[in-house]
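Everything on this sheet refers to the single structure shown next.
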């Protein structure tokens, strides 16, 4: 072999090594770049969640008032929604109260579906809560047995369901009309059940240890109070329930609010005037005001116990919630949009378009961490 041919061979080897190195570099980039470019979007500090009448849960961020995610559910009409304590998961009742779906908020997808029905027996969910550890869900259920020639509804029960295995533990018999379960913020072994009355449940003894009577009140001269409770307490731990009451002496009818403190289990019911059709209400973070909606947006001064302001809405809306800083109101349910108002001026700040209407769905505020 001549010196010239030897140098030629070495040159070709060097060029081949350069090509191999360049190809290897490109392969590394192929795997690394997508991870860098498409890393999971950081979770906002606050989100507003609402379900639509179709198969979508929409998450809207309160810092920019832009849609963060639109998540398809397996069942139709997402209704009650409960975030986990860390705000990273959302539990949703769908499919005509037949399914509980678990949404990974960071992953923007459904990761589990809980169906407790079986052939010949349908389980319907009326009320949903998640323990602080996030490993058990608690549901108020009505079981419907479908025999060959008849349909029989059993008495309501409260069950604990293991989130991983879906194993059911039957805790106690409940009451007709219970539609809302909420854990005490200070005691993870106390569960409130809201229906015609409010029931305080000790999970260790599986007993109702206290009943706060409203609709079933039989005290002479007092009369009953009809309450409508929705889970809009995220900022204050105070549940504000629109009420209607008839004075048993004068037969006058009153509309108002019943504010229930989840920490102390104390309540304050106030009549605010003639009966008004309010669907939901929420208390401001500073505990000075309450906001209620239906055909109008009402502002209530809680210290003076009076309606301060009434603002017409473009259409009937059934759900209202408030941001953590108390500056913005989020109103929806009845239109394919979320209306955002300035909480002080009641000026419309923005309208966020949704893919479908939000009939019979509630706004929940979530704080991921």
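Rule-based calculations on the coordinates, nothing more; no lab input. Predicted, not measured: the structure shown is a model, and the values here were computed from it. FYI the Cβ positions are ideal-geometry reconstructions off the backbone, even for glycines, and counts take in every protein chain you see.
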Rounded if a/c under 1.5, otherwise prolate or oblate - the chain, Cα gyration tensor axes
prolate
Assuming R0 = 35 Å, can you tell me the calculated FRET efficiency for the pair residue 164 and residue 348, based on Cβ-Cβ distance, to the nearest 0.05?
0.20
I need the fraction of alpha carbon pairs in the range 116-212 separated by more than 22 Å, rounded to a whole percent.
28
The range 205-327: relative contact order in percent, alpha carbon pairs under 8 Å with at least 6 residues between
17
Can you tell me, using C-alpha contacts under 8 Å and at least 6 residues apart, the relative contact order of the chain as a whole percent?
12
0 to 90° range, to nearest 10: angle between helix 3-37 axis and the chain longest Cα axis
0
Going by how many other Cβ atoms sit within 10 Å of their own, how do 278, 159 line up, fewest first?
159, 278
Under a plain spin-label model, where a point goes 7 Å from the Cα along Cα-to-Cβ, how far apart in nm are residue 357 and residue 171?
3.5
Can you tell me which of 343-354, 235-246, 172-183 comes out highest on packing, and rank the rest after it, using the mean Cβ neighbours within 10 Å?
235-246, 172-183, 343-354
So how much slack lies between residue 63 and residue 207, counting 0.36 nm per residue of separation and subtracting their Cα-Cα distance, in nm?
47.6 nm
Mean-position separation - Cα centroids, the range 295-369 and the range 220-251, in angstrom
20
For residue 288 and residue 117 in one chain, what is 0.36 nm times their gap in residues minus the Cα-Cα distance, to one decimal in nm?
57.1 nm
Can you tell me how much longer the chain between residue 45 and residue 153 gets when fully stretched, taken as 0.36 nm per residue apart minus their C-alpha distance, in nm with one decimal?
34.6 nm
In what sequence do 254, 91 fall when counting other Cβ within 10 Å, fewest first?
254, 91
Protection proxy ranking, peptides 67-78, 263-274, 115-126, average beta carbon neighbours within 10 Å, highest first
67-78, 115-126, 263-274
